[in-house]
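Inspection log for the structure reproduced underneath, given as structure tokens.
A short reminder: the numbers here are calculations on the coordinates, not readings from a lab. Worth saying up front: this structure is predicted, and the values here are computed from it rather than measured. Here the Cβ positions follow ideal geometry from the backbone for every residue, glycine too, while neighbour counts run over all protein chains shown.
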Amino acid sequence: MEGLVTQSLANRIAVVTGASSGIGCAIARQLAACGARVCLVGRKVETLLRVASETGHAASLAFCYQADLEREVDIRALVASLREDCGRVDVLVHSAGTISLGPVEGLPVEDLDRQFAVNLRAPYLLTQALLPQIKACRGQIAFINSSAGLNAKGSIAQYAATKHALKALADSLREEVNGDGVRVLSLYIGRTATKMQADVHRFEGREYRAELLIQPEDVAAILISALCLPRTAEVTDIHIRPMSKVA
Ligand SMILES: NC(=O)c1ccc[n+]([C@@H]2O[C@H](COP(=O)([O-])OP(=O)(O)OC[C@H]3O[C@@H](n4cnc5c(N)ncnc54)[C@H](OP(=O)(O)O)[C@@H]3O)[C@@H](O)[C@H]2O)c1
């Protein structure tokens, strides 16, 4: 289209948490396919190495970082490694997440603590620590949120509380860093065909039919299109739900 100056992701440095599985894995693969140098973050090195090798011709552009995001010491070590290896961060995608389902009456507070640590505290700490590098290159930050981050139904109080808080973090951060040229995007996603959603179906006693759900690749493609927008515009919030209403 004449006059449309989209941003290229070639040679950009992208950090993706949750890159070992599901949505984060699809995002990492598509970023690599766009020529980005992708830093894959997850707990299991073997899985990360497999994902990195599956990025095909772009395999040499994928780097693996082991970190349990529940542990602050791991986050600090991750930040130090990223600073040493990359220097700059153009794109930071927070996709790692964990869920515990059940009624407030019965679900242990330890489950809330774990979800709080992975779903909110880790994105906060990682963003805070990498912000100087992101600001320096007028980078972009994406938070993989959930429809539960906007609307909490029964048996999802703990997870939804962490995702509501993640929305607040993203909205507030956007106000703070837009002036530095940094874009902040939240994606509010419905049921997507991943291991996490298979677990949710099991909890609900529902038949899991992946083909009726959003595909991780759909989420990745939508995110990439937002990341590539011309610098004159910012997408702040994206809502994605399954097309099939059976899901
Ligand atoms: N699937 C859905 O229907 C859906 C809907 C709305 C929002 N979301 C959100 O989408 C994001 C991705 O989830 P997914 O559906 O792709 O699920 P998934 O396939 O189960 O992937 C979850 C990812 O989070 C990582 N993770 C979990 N705990 C971690 C920890 N303590 N330290 C480091 N990494 C950790 C996992 O890494 P390991 O390999 O190390 O376990 C994995 O890469 C999450 O934020 C989730 O809340 C999902």
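Data for the structure
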| quantity | calculated |
| --- | --- |
| Region 211-232 residues that are closer than 20 Å to Thr6 by Cβ and in contact (Cβ under 8 Å) with a residue 12 or more places away in the chain, paired with ones that are part of a strand (DSSP E or B) and away from the ligand (no atom under 15 Å from the Cβ) (beta carbon under 6 Å, 6 or more apart) | Leu227/Gln140 |
| Answer residue from region 127-149, given it is within 11 Å of the ligand (Cβ to nearest atom) and more than 16 Å from Arg174 (Cβ to Cβ) and is surrounded by the most Cβ atoms within 10 Å (Cβ to Cβ) among those | Ser146 |
| Any hit, region 71-92, residues being assigned to a strand (DSSP E or B) and either closer than 14 Å to Val15 by Cα or more than 13 Å from the ligand (Cβ to nearest atom) (or both) | yes |
| Single condition Asp113 does not satisfy, out of (1) within 11 Å of the ligand (Cβ to nearest atom); (2) in a helix (DSSP H, G or I) | (1) |
| Test for Gly18: is it away from the ligand (no atom under 16 Å from the Cβ) and within 20 Å of Leu125 (Cα to Cα) | no |
| Qualifying residues in region 93-110 (those that are within 9 Å of the ligand (Cβ to nearest atom) and β-branched (Val, Ile, Thr)) - the one nearest to Tyr65 (Cα to Cα) | Thr98 |
| Any hit, region 168-186, residues being within 8 Å of the ligand (Cβ to nearest atom) and not in a helix (DSSP H, G or I) | no |
| Val235 vs. criteria in contact with a Leu (Cβ under 7 Å, 6 or more places away or on another chain), assigned to a loop (DSSP other than H, G, I, E, B) and within 29 Å of Gln7 (Cα to Cα) | yes |
| Pair list, Cβ < 9 Å and 6+ apart or interchain, from region 141-164 residues that are at positive phi to residues that are outside any strand (DSSP E or B) | Ser155/Leu101; Ser155/Gly102; Ser155/Pro103; Ser155/Val104; Ser155/Leu107; Ser155/Phe203; Ser155/Glu204 |
| Matching residues, region 194-223, being out of contact with any Gly (no Cβ under 7 Å at 6 or more places or on another chain), near the ligand (Cβ under 7 Å from one of its atoms) and within 17 Å of Gly18 (Cα to Cα) | Gln197 |
